Amino acid sequence: MKKILSAFLMLYFTIAFSQEKKPMFWHDIQEFKKQDQQTPPPQNAILLIGSSSFTKWTDVADYFPTKTIINRGFGGSRLTDLNYFADDLLSPYQPKQIIIYCGENDFADNHQLKAQKVVKRYKSFYKKIREKFPDIEVDYISMKYSPSREILWPQIKEANARIEAFMKKQPHSEFIDVTKAMEDANGKVRKDIFVEDMLHFKPEGYQIWAKVITPYMK
């Protein structure tokens, strides 16, 4: 009886420990895998990779009816997470274009984080993309000004400028600046396009993004 109990406890702690060790967003990635098993992803699609601004854009296909889109945004993700799960986010697909929105949460996690650190994380992910897809279009959407994260804007603005400079030197790459289009006539960000958390968008916010992004889509 003691041996059985001991074996049971060992199994219990092994399972508990393995569950504890699962990285953040592991379940999101497993859900993507499940979706891909149930419905094989189309080739030559536009692959969206990034954080909650993509995750919550659940009707993104309606904004671009002539495009084939695979949305692999997972809420709360940082560039560190994109790097960690790079193989899972890239290997299952054969896209003609990748569009990235990520970086805001890196700063939100650590208000002392320097812009150059976030840029380094982005460059690392960009390199991983190029190792798999050397010739496809890769575009980065500028980190937006979120009213609830106003304190982070100086760092975000600097990171945007550095990433823009980097992307201008890369082949088949574009930096898509959405910041100006989100401003009112006085040059202030339009708060009416955000939901109550002043972080995520109402449909009006996505309409602005869609208008800016459309010319870049392949």
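The values are calculated or read from the model by the stated rules, or taken from the named source; none is laboratory data. No experiment lies behind these values; they were computed from the predicted model shown. As a convention, Cβ positions derive from the backbone with ideal geometry for all residues, glycine included, and neighbour counts pool all protein chains shown. We work out accessible area using only protein heavy atoms, side chains counted, and drop any ligands, DNA or RNA first. Shrake-Rupley method; radii C 1.70, N 1.55, O 1.52, S 1.80 Å.
Tabulated results
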{"read-out": "Amide H contacts of Phe201 (H built 1.01 Å from N, under 5 Å, at least 5 apart or other chain)", "value": "Val195"}
{"read-out": "Sparse-neighbour loop sites [trypsin sites (Lys or Arg not before Pro); the stretch 151-208; at most 10 other C-beta within 10 Å; DSSP]", "value": "Lys169"}
{"read-out": "Cα extents of the stretch 84-131 along the three principal axes, largest first (Å)", "value": "37, 17, 16"}
{"read-out": "Contour minus Cα-Cα distance for Lys169 and Ala61 (0.36 nm per residue)", "value": "35.9 nm"}
{"read-out": "For the stretch 27-125, alpha-carbon Rg and Dmax in angstrom", "value": "13.9, 42"}
{"read-out": "Rounded to 10°, Cα long-axis angle of helix 115-132 versus longest principal axis of the chain", "value": "70 degrees"}
{"read-out": "Projected-area mean, the stretch 120-208, by convex hull of Cα positions, square nanometres", "value": "6.7 nm²"}
{"read-out": "Cα-based radius of gyration of the chain once divided by 2.2 N^0.38 Å, which approximates compact folds", "value": "1.15"}
{"read-out": "Share of carbon and sulfur in the accessible heavy-atom surface of the chain [1.4 Å probe, %]", "value": "53 percent"}
{"read-out": "Stretchable slack from Lys218 to Lys33, in nm (0.36 nm times residue separation minus alpha-carbon distance)", "value": "64.1 nm"}
{"read-out": "Debye intensity ratio in log₁₀ form over the Cα atoms of the stretch 101-156, taken at each q of 0.16, 0.23, 0.31 Å⁻¹", "value": "-0.54, -0.90, -1.32"}
{"read-out": "Beta bridges by DSSP in the chain, antiparallel share as percent, to the nearest 5", "value": "10 percent"}
